[in-house]
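Written below as structure tokens is the structure these notes are about.
The values are calculated or read from the model by the stated rules, or taken from the named source; none is laboratory data. The model shown is predicted, which means the values in this text are computed figures rather than measured ones. Quick reminder, even Gly has a Cβ in these numbers, built from the backbone with ideal geometry, and neighbours come from all protein chains shown. Surface areas here come from the heavy atoms of the whole protein model, side chains and all, with no ligands, DNA or RNA. Shrake-Rupley method; radii C 1.70, N 1.55, O 1.52, S 1.80 Å.
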Amino acid sequence: QEQLVESGGGSVQAGGSLRLSCAASGRTFSRYVMAWFRQAPGKEREFVARIFWSGDMPYYADSVKGRFTISTNNAKNTLDLQMNSLKPEDTAVYYCTAGGRATANSNDYNYWGQGTQVTVSS
């Protein structure tokens, strides 16, 4: 079946970097909007970044602009998120997702991965 699987999470010091990857299988997402969301304990799921599978229209939450880069890799069939200058407030479970509507609302996305933990210490 359709599946998205995140990897690359871990623990880093503030100012460090991590690269997350989301492997897609079971179907092509070539006509989908791909996105990353994150959720910290006790908080709502928060939009991080989105991009069309084609690479068009990358868009970022204000909180991560200039620090994170979202991209797709057709050869590997992955959605990636390069995270630089990490801050403690970036600590969350990060989820990749796919949908047919380019929004910042998690309800507008149809396929979800299981999440990968990112922990940033001071």
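Key figures for this structure:
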quantity	calculated
Some residue of the range 54-63 being hydrophobic (A, V, I, L, M, F, W, C) and under 21 Å from Gln13 (Cα atoms)	no
Subset of the range 14-50 [polar (S, T, N, Q) and in a loop (DSSP other than H, G, I, E, B)]	Ser17, Thr28, Ser30
Residue count, the range 1-20 (criterion: under 14 Å from Thr78 (Cβ atoms), surrounded by fewer than 17 Cβ atoms within 10 Å (Cβ to Cβ) and not basic (Lys, Arg))	4
Set Thr103, Thr78, Thr97: member being of a type in the set (Ser, Thr, Tyr) and either farther than 20 Å from Ser7 by Cα or without any contact (Cβ under 8 Å) to a residue 40 or more places away in the chain (or both)	Thr103
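Per-residue answers, yes or no, for (1) polar (S, T, N, Q); (2) modelled with pLDDT under 95; (3) open to solvent by 20 Å² or more (accessible area, probe 1.4 Å):
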| position | (1), (2), (3) |
| --- | --- |
| Ser30 | yes, yes, yes |
| Glu46 | no, no, yes |
| Tyr59 | no, no, yes |
| Gly66 | no, no, yes |
| Gln82 | yes, no, yes |
| Lys87 | no, no, yes |
| Tyr95 | no, no, yes |
